[in-house]
């Protein structure tokens, strides 16, 4: 019986590109759209299905593109519409999809909308943003804290009110309770969908509506100075408001009207609230509420087992899971757990049920990167330097070879390269059959050839101490994945799975399975079908 056709994003793999750091084509030290186009054969060679680009819109770059000055333009540093059209044509010619990063919660303070809004209290666009009088007795309207630290309110002397910003003061929050804002942003989505994009990753989607009365957020009793100032409060009233779900559903309806498109929503919430962003079968919301739990979880087999089990149990029947281990905002996976376990993490990411997202550079195992203080660029670092949470180390340029500037640019890159770029680069790993890069290609190839890995059912097994173990099954095909999350030998008997018929992949060198796991070893095993 022929299987029902699945949407491409269910069987596919998404590859995130940070445009500033992928490939520079014009020698200014900053990556651009033409540079991405020049490297598309490499992207296609990985075996991924779609590219997600971090923002490419005109921006003053206070937060490196997440402060948008024009939603319907291309930042000149990255190119122009001709370069974009050439890129999307080249992406599609290779059978790939292209997703853009949509930033709906806030604009740049240089956006024409905000310039009008702050020009006077009577301006028609005043209500496009969130303005409030000082609190009784003076001071900020409430106690809300910016995600980058400090108050979420900025005083505007000219009009005598404060405006709200969940991030930098250069990123004023839009008022999504205003129907004109909703229509304007719908038109932005239409503009890019008409231009041929295949979907969007939607930035901080759960932020876009605030409680109408703007009450104080409650104190977080678990806060300590060792975590971000934002977490001193519980964001009860500043995020995840009920009204945001109708906006998410409107975005989904618009995307669905264009056919086979996908919306990926950035949402940091506990499972039960996270799952609500799928919507209902008759009123769906985003296709993939981004799941960051592999980024946030301790690297411990028992913890991961429980986390995966709870996440799977939280999903609605119509919800498709997704997983990510790295991004432009998160520390590199190899920096967090070391290169040996980063291979195990790659096997986990690409064999769990759901859509995986890879982040550029993780496929070659970029780990800890040294950024001298004078080269740091991330505003998050400068706002809370004592916490050492700057994101520059995850945004360093892609090292392509051992030529000057690693083949990224003919001039000094905007950020330093990874320390070991002369040996850890794409060309070197391409030539090494045992490299991390070729291991990723092997795993991605297996996802394509083994339907059990892309669309099969999923069942966790008891793997024993330090071992994460699960089954993937589809139409008689049965695979077991066993992962040793320790640097010591471990055993795994697979009592529930069945007899082993062969080893499809190992994080180390291929070998027959004998019931044991070497240190830092992960295996994909083919099991004999049950009779």
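Read-outs: derived from the displayed coordinates by stated rules, not from any lab. These numbers were taken from a predicted model, which means no experiment stands behind them. All Cβ positions, glycine included, derive from the backbone under ideal geometry; neighbour counts span all protein chains shown.
Restricting the calculation to Cα atoms, the range 237-307 shows an Rg/Rh of 1.05 when the hydrodynamic-style radius is the Kirkwood one. Arranged from fewest to most other beta-carbon atoms within 10 Å of their beta carbon, 56, 366 become 56, 366.
Approximating the spin labels as points 7 Å out from Cα along Cα→Cβ, the residue 410-to-residue 313 distance works out to 6.0 nm. The distance from the alpha carbon centre of the range 162-234 to that of the range 1-74 is 22 Å, rounded to a whole number. Any chance you could run the full-extension gain for residue 132 through residue 432? It's 0.36 nm times the residue separation minus the Cα-Cα distance, nm to one decimal. Between residue 132 and residue 432, full extension yields an extra 102.0 nm. Placing a label point 7 Å from the Cα of residue 211 along the Cα-to-Cβ direction, the residues of the range 113-144 with a backbone N closer than 19 Å are 130-136, 140-144. Of the options [x] -0.24, -0.81; [y] -0.54, -0.92; [z] -0.20, -0.83, only one is log10 I(q)/I(0) by the Debye sum over Cα atoms at q = 0.05, 0.10 Å⁻¹ as computed from these coordinates, and that is [z]. Relative to the longest principal axis of the C-alpha atoms of the chain, give the angle of the C-alpha long axis of helix 339-349, reported between 0 and 90° and rounded to the nearest 10°. Helix 339-349 sits roughly 80 degrees off the main axis of the chain.
Each of 72, 469 was scored by other Cβ atoms within 10 Å of its Cβ. Listed from fewest to most, they are 72, 469. Counting neighbouring beta carbons within 10 Å and listing from fewest to most, the residues 251, 307 come out as 307, 251.
Helix 436-449 and the long axis of the chain differ in direction by around 80°, with both axes built from C-alpha atoms. So what is the relative contact order for the chain, in percent, with contacts set as C-alpha pairs under 8 Å and at least six apart? This gives 12 percent for the chain. The calculated pair-distance distribution of the range 457-527 uses every alpha carbon pair, bins of 5 angstrom beginning at 0, and gives 4, 18, 33, 26, 14, 4, 1, 0 percent.
Mean separation of Cα pairs under 8 Å and 6 or more residues apart, divided by the residue count, gives the range 457-527 a relative contact order of 32 percent.
Inter-label distance, residue 120 to residue 530: 7.6 nm, where each label sits 7 Å from its Cα along the C-beta direction. Note on residue 231 and residue 388: the model spin-label points, each 7 Å out from Cα along the C-beta direction, lie 1.6 nm apart. Taking the DSSP bridge list for the chain and keeping only pairs wholly inside it, about 60 percent are antiparallel. Please determine, in degrees from 0 to 90 and to the nearest 10, the orientation of helix 243-256 with respect to the longest principal axis defined by the Cα atoms of the chain, where the helix direction is its Cα long axis. Between the helix axis and the principal axis of the chain, the angle is about 60 degrees. Consider all pairwise Cα distances in the range 47-138 and report the whole-number % of them above 18 Å. Roughly 57 percent, rounded to a whole number. Based on DSSP H segments of at least four residues, each scored -39500 (n - 2.57), the chain has a per-residue ellipticity at 222 nm of -7000 deg cm²/dmol.
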